[in-house]
Amino acid sequence: MEQMKQVLSASLVWRWLTAVCLWFSRQWERSGLVQWFLHPAGWNRASSERSVFFKLWSLVRRGLCWLYDKLRLEKLFAGSIFTRTWLWCAIPVVLAPMLAVSRPSLITMGLAAIGYASLLLNLVRDRERQLAWSPVNKYIILYAGVYLAGTLFSVDLESSLQPGLLSVAFILFSIVVYNGVTNRNQLDTLVALMVLAGAIVSAYGILQYIFRWGYQSAAWVDSDMFSSIQFRVPSTLENPNMLGQYLILLIPLGGAKLLGAKDWLNRVFYLACCSVMCVCMILTFSRGAWLGLLFAGLVFVLLLNPRLLLLAPFVMVALYFVLPDTVISRFTSIGNLTDNSTSYRVYIWIGVLAMLKDYWLCGIGPGDGAFNMVYPAYSYNTIVAPHSHNLFLQMVCDAGICALVVFLLLLFNFFRDMCSAIGKEKNWTSRVLQIGITAGVCGFMVQAMTDYSFYNYRVMFLFWAYLALGGLAARRGQLPEGRLLV
């Protein structure tokens with residue numbers, strides 16, 4: 001490595017490229033647009049506390065505090081483990097992807113309900129404790145409200161009610177995680193446990209590939225075009241594309257922990273976790289997930305050190321010689337309309353866009369039942385589908401154009417918050433964690449263009465918890481060191 005650094009330092013071409021990159025970097029950082037983006041005005045707790053949501057919450061809380069005192073519940077809950085909100089947030093977030101059981105989404109909801117109850121209990125017990133403020137939280141609450149309205153105005157309320165309410169509960173759990181984690185030790189431990197869970201899920205997926213465990217759908221691969229692919233790994237998430245979505249979030253998180261590790265034991269551990277997750281990602285044979293992970297890697301490197309992008313061509317050439325032909329042919333087929341999977345998605349998008357010309361304002365409601373009640377009348381080339389195979393289109397289908405607008409505003413403010421934190425952060429561990437989470441969300445959004453990422457409710461649940469981790473990581477330096485159970 002040192003020899004490579006010396007060779008690059010002595011190269012005139014490398015020096016010239018470095019100088020050019022640094023000049024562009026300085027011009028970019030000084031631009032008015034970037035300064036406006038990184039230093040937003042009006043971001044403070046006071047602006048949030050003037051909102052209708054906060055005033056309604058204050059009224060409800062005062063009533064609950066009065067009831068708690070009247071019933072003298074303090075004797076019952078003093079010192080109870082149910083007051084350890086961090087624990088009850090960590091359990092569903094860590095276990096959700098590993099639940100290879102019947103109805104895992106409802107089990108996840110049950111575990112999350114304990115987290116909700118624990119946070120509410122702490123807020124009622126301690127009148128002085130305030131909900132932690134984040135510039136993204138109001139958009140999360142607003143998005144949940146719009147989605148609930150879309151559910152209630154569904155074309156088939158009976159079939160939309162359960163998926164709609166489940167989605168709203170998972171969306172709002174982001175607020176619970178953000179408030180449940182109260183110190184740096186809790187945040188770091190939660191991230192470490194999530195990476196470990198990702199490695200376990202991936203290891204199980206690799207064993208599936210070796211021993212051919214689990215269900216395989218003929219719809220997952222075009223057997224005429226990819227006859228060499230006999231098995232795509234779904235692991236515990238029941239679908240290789242959903243597994244790929246999950247790994248897009250976890251691999252950058254593992255990379256952040258690897259770069260932030262302070263001793264060799266942790267470095268080896270996180271390197272092993274990342275390696276297992278990357279191997280499992282390859283075995284999903286999910287082209288959208290591969291593309292999303294590559295984009296996440298690009299963002300990670302760009303935010304970490306833009307000069308490393310100069311090595312990208314060499315890395316791509318190396319991958320060409322290292323990866324098997326099956327993987328290369330699968331990846332290079334992206335965009336090939338002769339592939340049944342690609343043409344299937346394009347036909348669905350055409351049909352959904354035709355449907356949304358009539359239902360763009362309020363949508364048709366969440367769930368397969370509502371979608372299949374309306375979509376067949378607009379389907380292109382008689383294509384049958386349970387959803388639109390695109391997260392952004394599906395949001396409009398579920399709750400109308402308002403849901404998409406609020407979600408885009410949410411993402412804008414999330415990325416603004418993260419980039420602002422990265423630009424100011426001096427602590428290396430905090431900075432790489434912020435970069436890893438930002439890269440994970442970027443990659444997730446790329447994959448979301450090719451699939452409905454929230455079709456698996458556990459992936460949806462983890463995405464919203466991931467956003468909360470981003471908000472916590474942005475303020476990691478402001479959190480006290482603390483203990484795990486406080």
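The values are calculated or read from the model by the stated rules, or taken from the named source; none is laboratory data. Values in this document were obtained by computation on a predicted structure and should not be read as measured data. As a convention, Cβ positions derive from the backbone with ideal geometry for all residues, glycine included, and neighbour counts pool all protein chains shown. Accessible surface is based on the protein model in full, side chains and every heavy atom, while ligands, DNA and RNA are left aside. Shrake-Rupley method; radii C 1.70, N 1.55, O 1.52, S 1.80 Å.
This table checks each residue for (1) open to solvent by 20 Å² or more (accessible area, probe 1.4 Å); (2) touching a Gly at 6+ places or on another chain (Cβ under 8 Å).
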| residue | (1), (2) |
| --- | --- |
| Met281 | no, yes |
| Phe285 | no, no |
| Arg330 | no, no |
| Asn340 | yes, no |
| Val352 | no, no |
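Scanning the range 366-383 for residues being farther than 14 Å from Leu353 by Cα, open to solvent by 70 Å² or more (accessible area, probe 1.4 Å) and hydrophobic (A, V, I, L, M, F, W, C) gives a total of 1.
If the condition is being in a helix (DSSP H, G or I) and surrounded by 20 or more Cβ atoms within 10 Å (Cβ to Cβ), then the range 392-405 contributes Leu393, Gln394, Met395, Val396, Cys397, Asp398, Ala399, Cys402, Ala403, Leu404. Within the range 262-271, does at least one residue satisfy the condition of being out of contact with any Cys (no Cβ under 8 Å at 6 or more places or on another chain) and basic (Lys, Arg)? The answer is yes; a qualifying residue exists.
Tell me, yes or no, whether the range 214-227 has at least one residue that is part of a helix (DSSP H, G or I) and open to solvent by 60 Å² or more (accessible area, probe 1.4 Å). Checked against the condition, which is being part of a helix (DSSP H, G or I) and open to solvent by 60 Å² or more (accessible area, probe 1.4 Å), the range 214-227 yields at least one hit.
Being open to solvent by 30 Å² or more (accessible area, probe 1.4 Å), over 21 Å from the mean Cα position of the chain (by Cα), hydroxyl-bearing (Ser, Thr, Tyr) and at pLDDT 90 or above: is that true of Tyr457 here? Spell out the reasoning first.
Details: open to solvent by 30 Å² or more (accessible area, probe 1.4 Å): yes; over 21 Å from the mean Cα position of the chain (by Cα): no; hydroxyl-bearing (Ser, Thr, Tyr): yes; at pLDDT 90 or above: yes.
No.
Looking across Gln447, Gln478, one residue alone is open to solvent by 30 Å² or more (accessible area, probe 1.4 Å) and over 24 Å from Ile91 (Cβ atoms). It is Gln478. Checked against the criterion of being more than 28 Å from Ala192 (Cβ to Cβ) and loosely packed, with under 13 Cβ neighbours inside 10 Å, the range 80-89 contains not a single residue that satisfies it.
As for the range 92-101, it holds at least one residue that is within 27 Å of the chain's Cα centre (by Cα), exposed (fewer than 10 other Cβ atoms within 10 Å of the Cβ) and either more than 30 Å from Asn239 (Cα to Cα) or at pLDDT below 80 (or both). Checked against the criteria, Ser235 counts as open to solvent by less than 40 Å² (accessible area, probe 1.4 Å) and at positive phi. Restricting the range 175-213 to residues that are under 25 Å from the mean Cα position of the chain (by Cα) and hydroxyl-bearing (Ser, Thr, Tyr), the residue that is surrounded by the fewest Cβ atoms within 10 Å (Cβ to Cβ) is Thr189.
If you check Ile437 against the conditions, is it assigned to a helix (DSSP H, G or I), surrounded by 17 or more Cβ atoms within 10 Å (Cβ to Cβ) and among the β-branched types (Val, Ile, Thr)? Full working, then the answer.
Details: assigned to a helix (DSSP H, G or I): yes; surrounded by 17 or more Cβ atoms within 10 Å (Cβ to Cβ): yes; among the β-branched types (Val, Ile, Thr): yes.
The answer is yes for Ile437.
When Asp398, Asp358 are checked against the criterion of being free of Cβ contacts under 8 Å to residues at least 60 places away in the same chain and acidic (Asp, Glu), Asp358 stands alone in meeting it.
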